[in-house]
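Bear in mind that the values in this text are calculations on the coordinates, not laboratory data. Just so we're clear, the structure is a prediction, and the values are computed from it rather than from any experiment. Glycine gets a Cβ as well: all are built from the backbone with ideal geometry, and neighbour counts include every protein chain shown.
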Amino acid sequence: MAAGHEHASTRFYVAIAVILAVLTALEVMVFFIEALRPVLTPLLLIMMAAKFFLVAAFFMHLRFDGRLLNVVFAWGLVVATGITLALMAVFGRFS
Amino acid sequence: MSELAPVTGIRNRKLAMWTFIGSECMLFATLISTYMVYRGRNLIGPYPHELLNVPFITVTTFVLLMSSLCMVLALAAMQQGNRRQARFRLFLTAALGLVFLVGQFYEFNHFHHEGLGLSRNLFSSTFYILTGTHGAHVLGGVIWLSTLFLRLGSGPIDAERIETVEIAGLYWHFVDAVWIILFTLIYLLA
Amino acid sequence: MNSQPAGDRSERLDGLNARARAMGQAWKPRLAVVADWMTTVDHKKIAILYFLSGMTFLLIAGMEGQLIRVQLAQSELRILDPNLYNQLFTMHGTTMVFFAGMPLIIAYFNFVVPLQIGARDVAFPRLNMFSWWLAVFGGLFLYASVPLGSMPDGGWFAYTPLTNREYSPGRGMDFYVLALLLAGVGTIAGGVNFVVTILNLRAPGMTFMRLPLFTWMALVVSILILLAFPPFTVGLLFLLFDRNFGTHFFDAAAGADPLLWQHLFWVFGHPEVYILVLPAFGIASEVIPTFSRKGLFGYPVVVFSGVLIAFLGFGVWAHHMFAVGMGPLANSVFAGATMLIAVPTGIKIFNWIATMWGGKLRFTTPMLWAIGLVSMFIIGGLSGVMHASPPTDLQQTDTYFIVAHFHYVLIGGLVFGLFAGLYYWFPKATGKMLSDKLGKWHFWLTLAAFNITFFPMHFSGLLGMPRRTFTYPSELGLDGFNLVSTIGAGLFTVAFVPLIVNLWKTLRNGEPAGANPWGAPTLEWSTGSPPPHYNFAVVPRVQRRDPLWHPWIRPEEEEAGDHEDAGPGGVEPRLQPEVAPEPVVMPSNSWWPMVMSIGMLIATVGGLGSLETTLVGAAITLVGLFGWAFEPAFRDGAGHL
Ligand code: HEM
């Protein structure tokens, strides 16, 4: 587990970081483009989620690690997202 | 800890860190919920759109992202037993974290000058506590990584130590991942 | 020594020195014992510490409850000043939930879980001690408000805006906020510790479907702790900042919504009540099968409903807020979810009953408490389903009907479960049997006192007796019900006497228990009573859900294939050997958890308004943290055999 082999090569990690950087640049570009205003929110949320999962899956090695860790993280994440959405709904943020 | 191999095949400390991260999700979710619920309910200025500086924060965001890359590479170097490289990359991670913090300090200071004290309005309350809690996490990480960097000056690079770096890395990446969300929700969706 | 004639001065000095030395020597072992308890990392000792601190706070809060009842004995009494009354019910509720209930369940986790899964300790022994220190310091900090005359008075759920600086100008609510922040850190640490312990330290063969029910519930509760406490921590942080640093999280004048606090509180608060009651369910699920001599009926279903409760528990919080005007849609959604969660709860009750059905029942003291739990919880559960419906709740909320409901689940569920567990595991912890006769006196008297106190509250509540109000007009015609309730509350004191006598007598000269006095099926009963420091001389191998009801199989025999299946009670289980065949290394005691928690306590005290104190505290905390991190868990010469 902890010892021994490397999960992936340096080049691989750099590639992930490049994707993350590009996504961030895209996010900021989208933010400044007037024409995209109507679809801004979904676009940004999708890119945000993509970045989040890239970090979790590759930098935090969830892709390569035991299933149990995925379950532990997913449980926290699902409840957290659910509570956030529920609270926003209760306070009328979606209507 | 125990002399028995853990049943799950995941060592205690690593499992503990993941468990803790699961719990931290709720911490940040609550802070984020509050921010989102109160967004746009500010009654007196300054308002977010007058202050938030997207280009500036993009730079510090990029810095934090690069620190995550350094972190993952530091772990890789540890696993190859390359002490010099591992130490250098750990140092770089912590240093980039520090740069992020300096950026945050500068930002807070600037807002303060613009009239946004902590107790100014609803925006100041939610903004400072949310980003401040994140900043406190970054600070904790910087201290932790610096300690690892210093301690790695001597002694063997054994499984135990590799694991320690791995766990610190998990924490660091999580803090970075939280920032990914905050960056979008606070700055881009303003 | 005195009889010796005094010689010259130096001779007398020698004598004095010798006496001082002798005194010092007499003290030394005692000091060593105290130091050992302060630095211990043994889960069994930490369990005892948790139990003692929790019991102390239970007694204090119980007395507060009785004082409340004295004031309410008749209408328009003026025994307590209204302000003091507010402080008393706030302290009563806060103490019961956070400093009696939580520490007591964690006491049981600590003692039982490692033994049930065949482990030698928890995953992080020092962290365990750290959690205890913070629980105690949190309680002490809360009670420091008593001599200062400024106890919190905003109710245990501290609703804003009532608890904002504007309406609670005193220091009281700051004590509440800071004490709970401090204790909360320890609780979350405990949650991490138990999740890792249960997932990782299970003995070989102890699969999830062989895990004893109590341990299952400990796992579920730890997960609930991890997910429920952070929202509360954040809410407390907001309140702290609103009160002391001028932020506006709950300030309607700044555009905020004070209702947010209620939401954050109940996002935590509802899972919290499951945190308190599921361990009691776990205890019942151990005790009932043992004394029915029958495996738990529908084990997987009971496990699954426990997990389901943990998940659904996060979707029902707003049923505490039907009356605040969330609108019909939100009310209906939360009402539906609430009724849904009653289903897994009901399933458990049917499973316990089905376990007893056709079993060889033995009505020992623990069994009586467990049966008491099931029956009292049914009453509390039924009144709960009643106010799951918003129209009904609008009639009942903030009346004594609610007080009756939650005491039926908290006393009838939690406290009865804790006593069942006490009588059940006391022989394991001390090696001595509590008297069954006194135990039964304790049970029947408590059952009577409890019902006399709280049953009439259903009626007084429905007739309009308001909650959290220091008195009521005589025109309401509630004097009769209230007097009965107050008499019952007094009876609780009488009911406690047999327990104290029992503990006292048993600890002095109780009958030796032996390894498995109840003929119970789970692993904790295979080792000595009290268990040796290392719990298990050889690490057990588990092949079944109820290993001690079957011949206990050793690895060699399994390989040789010479074992056979026997039904429940067929063959005497084999016990742990007296001495460990190989040396066992156990973690060493440590001062650092204490140092770190003292630092955090000091930082918390500073939260009352002194930045310097907070910084000093933070510095000590950091020293403690580093000392801890650099101290090896196992140190030379600390191995035990
Ligand atoms: C000696 C036994 C007890 C008595 C006589 C007692 C009595 C009372 C009474 C009369 C109230 C209502 C005060 C009011 O609304 O004006 C109350 C509230 C409460 N009790 Fe108890 N109680 C007892 C045990 C317990 C236990 C064992 C627990 C929990 C483990 C508990 C938890 C609470 C809570 C959470 C409240 C609500 C406090 C608030 O409104 O902020 N009580 N108790």
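Inter-chain Cβ neighbour count for A:40-46, averaged per residue, equals 2 (cutoff 10 Å, partner chain atoms only).
Here the range A:8-42 is scanned for amide nitrogen atoms under 19 Å from the site 7 Å beyond the Cα of B:His110 along Cα-to-Cβ, giving A:25, A:28-29, A:31-32.
Taking a ≥ b ≥ c as the square roots of the eigenvalues of the Cα gyration tensor of the range C:98-144, is the shape rounded (a/c under 1.5), prolate (a/b larger than b/c) or oblate? It is oblate, given that a/c is not under 1.5 and a/b is not larger than b/c. Computed packing ranks the peptides C:85-92, A:64-71 as C:85-92, A:64-71, most packed first, by mean other Cβ atoms within 10 Å.
Spacing of the modelled spin labels on A:Asn70 and A:Ser9, each 7 Å from Cα toward Cβ, amounts to 2.5 nm.
Tell me, what is the FRET efficiency for C:Glu582 and A:Phe53 to the nearest 0.05, using R0 = 51 angstrom and their Cβ-Cβ distance as r?
The formula returns an efficiency of 0.65 here.
Shape class for the range B:110-190, computed from the alpha carbon gyration tensor (a ≥ b ≥ c): prolate, with a/c not under 1.5 and a/b above b/c.
Treat every Asp and Glu Cβ in the range A:10-90 as -1 and every Lys and Arg Cβ as +1, leave all other atoms uncharged, and give the resulting dipole magnitude about the Cα centre to the nearest 20 debye.
Values: 5 positive and 3 negative charges, 39 e Å.
Its charge dipole is roughly 180 debye.
Taking the charge dipole of chain B about its Cα centre, with +1 at Lys and Arg Cβ atoms and -1 at Asp and Glu Cβ atoms, the residue from B:Thr184, B:Val165, B:Val102 reaching farthest to the positive side is B:Val165. Averaged over the residues of A:47-56, the number of partner chain Cβ atoms lying within 10 Å of the residue Cβ comes to 5. Between the residues C:Trp444, C:Ala489, C:Gly172, the greatest Cα displacement towards the positive end of the dipole of chain C, with unit charges on the Cβ of Lys, Arg, Asp and Glu, is found for C:Trp444.
Distance from the alpha carbon centroid of the range C:409-462 to that of the range C:584-617 works out to 36 angstrom. Pick out, from C:Thr397, C:Gly384, C:Gly464, the residue whose Cα sits farthest towards the positive end of the charge dipole of the range C:381-505, with +1 on the Cβ of Lys and Arg and -1 on the Cβ of Asp and Glu. After comparing all options, I get C:Gly384.
Inter-part distance, the range C:253-280 to the range B:117-170, computed on C-alpha centroids, equals 29 Å.
Determine the dipole magnitude for the protein assembly as shown: charges of +1 sit on the beta-carbon of Lys and Arg, -1 on that of Asp and Glu, nothing else is charged, the reference point is the Cα centre, and the result goes in debye to the nearest 20.
Roughly 720 debye for the protein assembly as shown.
Averaged over the residues of peptide C:225-236, the number of Cβ atoms from other protein chains lying within 10 Å of each residue's Cβ is 6. The spacing between the range C:183-226 and the range A:9-53, judged by their C-alpha centroids, is 38 Å. Listing C:Val494, C:Val112, C:Val177 from fewest to most neighbouring C-beta atoms within 10 Å gives C:Val494, C:Val177, C:Val112.
Sort C:Ser332, C:Ser150, C:Ser529 by Cβ crowding within 10 Å, fewest neighbours at the top. Don't jump to the answer; show the numbers that get you there.
Details: C:Ser332 12, C:Ser150 17, C:Ser529 21.
Exposure proxy ranking, most exposed first: C:Ser332, C:Ser150, C:Ser529.
Using 1/(1 + (r/R0)^6) with R0 = 22 angstrom and r between the beta carbons of A:Val78 and A:Thr41, what's the FRET efficiency to the nearest 0.05? Could the numbers behind the result be given before it?
Numbers: r = 22 Å, r/R0 = 0.98.
Efficiency, from the Cβ-Cβ distance: 0.50.
Which of C:Lys348/C:Lys505; C:Lys294/C:Lys428; C:Lys294/C:Lys348; C:Lys45/C:Lys440 have a Cα-Cα distance over 25 Å? From C:Lys348/C:Lys505; C:Lys294/C:Lys428; C:Lys294/C:Lys348; C:Lys45/C:Lys440, over 25 Å: C:Lys348/C:Lys505; C:Lys45/C:Lys440. The calculated FRET efficiency for C:Arg468 paired with C:Arg508, based on their beta-carbon distance and R0 = 51 Å, is about 0.70. When the Cα atoms of the range C:70-164 are aligned to their principal axes, the ranges along those axes come out at 58, 28, 26 Å in descending order. Put in line by how crowded their Cβ is, counting other Cβ atoms within 10 Å and starting with the fewest, C:Lys440, A:Lys51, C:Lys505, C:Lys294 read C:Lys505, C:Lys440, C:Lys294, A:Lys51. Taking a ≥ b ≥ c as the square roots of the eigenvalues of the alpha-carbon gyration tensor, chain C is classed oblate because a/c is 1.5 or more while a/b is no larger than b/c.
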